[in-house]
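The values are calculated or read from the model by the stated rules, or taken from the named source; none is laboratory data. This is a predicted model, so every value here is computed, not measured. Please note: Cβ atoms are built from the backbone with ideal geometry, for glycine as well, and neighbour counts cover all protein chains shown. What goes into the accessible areas is simple: the full protein's heavy atoms, side chains included, and nothing from ligands, DNA or RNA. Shrake-Rupley method; radii C 1.70, N 1.55, O 1.52, S 1.80 Å.
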Amino acid sequence: MNDIDVLLDERRRFRPADDFRQHAVVRDPSVYERAAADPEAYWAARARELDWFTPWNRVMEWTPPHVKWFLGGTLNVSVNCVDRHLATRRDKTAILWEGEPGDRRTLTYGELSHEVNRCANALRTLGVGRGDRVAIYLPLVPEAAIAMLACTRIGAIHSVVFGGFSPDSLRDRINDAGAKLLITGDIGYRRGNPVPLKRNADTAVAACLSIEHVVVVQRTPGTPAAGAAFHAPRDVWWHDVMRHASPDCVPERMDAEDVLYILYTSGTTGRPKGIVHTTGGYLTGVAATTKDVFDLHEDDVFWCTADVGWVTGHSYVVYGPLANGATTMLYEGAPDWPDKDRFWALCESHRVTVLYTAPTAIRAFMKWGDAYPARHDLSRLRLLGSVGEPINPEAWIWYRRHIGGDRCPVVDTWWQTETGAIVISPLPGITETKPGSATVALPGYSAELLDRGGKVIPVGGGFLAMTRPWPSMLRTIWGDDARYAETYFSKWPQRPDLYFAGDGAKRDEDAYFWILGRVDDVLNVAGHRIGTMEVESVLVSHPAVAEAAVVGRQHDIKGQALAAFVTLRAGRQSSNELRDELRRHVVDKIGAIARPDDVLFTADLPKTRSGKIMRRLLRDIAEGRALGDTTTLADPAVVAGLKEQYESMES
Ligand code: PRX
């Protein structure tokens, strides 16, 4: 019997076109077998594509659940992403940027080098050194990439926090990492409105003892920081510290296993997890996968639409493209600003050749209609990518047809914050694709589908696992190694070497993977992971709330939407005002991405006799399905009442 049911049967196939295949970076299918025969040799060869100060003396050491790659090797990430391109690409555009209001900037590799070095020196002057943590809370402006690279130059560990997160979320992340310095902006822009980043940062930092300085990027030169106070000497302007900094900064020689960055992601318990990535393995993984999966050629303009606040932005906006000497595009704003064709206008005017975006965006484009892309010349595009959640076959086909002109291959790439780099994906010059399937693991990786007992499922549904370590995998959870072992390596107690990704998947007769989504209490809303526990904890922190359960229900655009079931404290009355207040409370505490679509007040939550909330039933209710097995319920009347209420709810 399968643990997970297989429902979808998709039969369409797309082979790489001959001319694409002939010019592809990876053309020889034997790479899969060669890598499988000796994965360490494969990754060592990929690592040799980078510049090292000193070579490693051992490729890999695996003492589950801890791994080290390229032991004894030293390198610097900024040297690999910037310095080494100066000889041949000094005048090539490294960063192509457009702000939401339409302002533009480009940085050549020469200019990027200048900025990164100056920023690195400025950080040193402000007391930041090797191993110190720097929090970055910026809009998607070139300074975000410059700041990240500057940290890597001096061996500081960055923790980028998405600019859409609330002051509380920022505070928690700063405190967990013990960051010494925060880099933020005066404002950001979202759909024409200024986002008060500095004000948020001030609120957060008021409760962060570790912060010594706040560096403030002025988003629009000439305008003062929109209403935010400036607290000298703690606060300093980016342009002031940069002006006085030298453009020559000797890079730190980092050990391959030194921490490169921390990035927080949702887990099943209330606290976000600080995912730790290290230097040599991470860069090897992202550099290799960017080149192979996106078939990078010298004249490509690569646009990954993610924000730097997410792992996709780290790996495929900044580190992967720049390690390959590519031109990477950054766009600050929303896809529907000022109109719903903004992405296509950007593709046309910046002559984008490779586009990497998320299913939630693709579904929105589909809904807005074919006319928007049709207004623009998208003929420069030659490859399309998707990431973040399962892409429905219809969205995949629409993407290929209306954006890719039926000529661009589509690569559906599966990976996670924890994996650091793409794991399962087609190679566009080799793999026959099927809409909705991420196909097979890239060379060098070993992904399997396992059943509850840890047995391999060749065809059918099961749990997605990695059976061997890979260079760009997370090394631990910042400050909580026990949680690392427990979260990722305890699913199959008899096999503590197996990494459990938290996803369910199915495998077809061709051994292709079809990712089905999370099997834990983590939701995927618009491509972003949200722990239901985090939202529940916030709801319960409201004085009116006694208990809360949050589940996901299907949503046409976002993939999943949040439905919150709330019981109130004695004496508190439910009302539409309170419903709005609770939604606002979640936005204030976490950010708009966690805003529940539905809030349902209930006298009781359905529980088992041992007191566990039965989320499965809540999901059935939220999705309007017939209720599953209710025999273990303590009080069956509760769900019947809830179902009725839900159906009559207008929200
Ligand atoms: O459930 C999978 C889904 O996103 C999760 C990882 O989320 P995060 O760490 O935020 O990283 C997102 C970007 C890499 C996975 O566990 N996911 C990601 N890519 C895909 C996907 N689900 C299906 N297909 C994908 N291509």
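Do you know the relative contact order of the chain, to the nearest whole percent, from alpha carbon pairs under 8 angstrom that are 6+ apart? Spell out each step's value before the answer.
On the way: 1433 pairs, mean separation 88.7, N = 651.
14 percent.
Based on the alpha-carbon gyration tensor of the chain and its eigenvalue square roots a ≥ b ≥ c, which shape applies: rounded if a/c is under 1.5, prolate if not and a/b is larger than b/c, or oblate?
Details: a/c = 1.43, a/b = 1.16, b/c = 1.23.
Because its axes are fairly even, with a/c under 1.5, the chain counts as rounded.
Highest mean packing first, where packing is the average number of other Cβ atoms within 10 Å per residue, the peptides 233-239, 142-148 line up as 142-148, 233-239.
Considering only DSSP beta bridges where both residues belong to the range 526-650, give the percentage that are antiparallel (nearest 5). Taking every DSSP beta bridge within the range 526-650, about 75 percent pair in antiparallel fashion. Relative contact order for the range 526-650: 22 percent, from Cα pairs under 8 Å spaced at least 6 residues apart, divided by residue count. The distance linking the range 157-223 with the range 449-483 is 34 Å (Cα centroid to Cα centroid, whole angstrom). Starting from the Cα of LYS291, draw a straight line to each of the lysines and keep only those under 27 Å, dropping any in the same chain fewer than 8 residues away. Candidates past the 8-residue exclusion: LYS68, LYS92, LYS434. Given axes a ≥ b ≥ c from the Cα gyration tensor, I'd like to know whether the range 252-339 is rounded (a/c under 1.5), prolate (a/b larger than b/c) or oblate. Oblate, because a/c is 1.5 or more while a/b does not exceed b/c. Less than 5 angstrom separates the built amide H of LYS607 from those of MET614, ALA634, ASP635, all sequence-distant by 5 or more or on a different chain. Taking the protein heavy atoms of the chain in the context of the full set of protein chains, the accessible area attributed to carbon and sulfur is 50 percent at 1.4 Å. Over all other residues within a Cβ to Cβ distance under 13 Å of PRO335, the charged ones net out to -1, with Lys and Arg as +1 and Asp and Glu as -1. Ordering 55-64, 283-292 by mean Cβ neighbour count within 10 Å, with the highest value first, yields 283-292, 55-64.
The value obtained for the range 526-650, namely the Cα convex hull volume divided by the number of residues, is 109 Å³ per residue.
For the chain, the antiparallel share of DSSP beta bridges with both residues in that region comes to about 60%. Rolling a 1.4 Å probe over the heavy atoms of the protein chains gives the chain an accessible area of 38 Å² per residue. For LYS643, a cut-off of 16 angstrom between C-alpha atoms picks up these aspartates and glutamates, skipping any fewer than 8 places away in its own chain: ASP598, ASP604, ASP620, GLU623, ASP629, ASP635.
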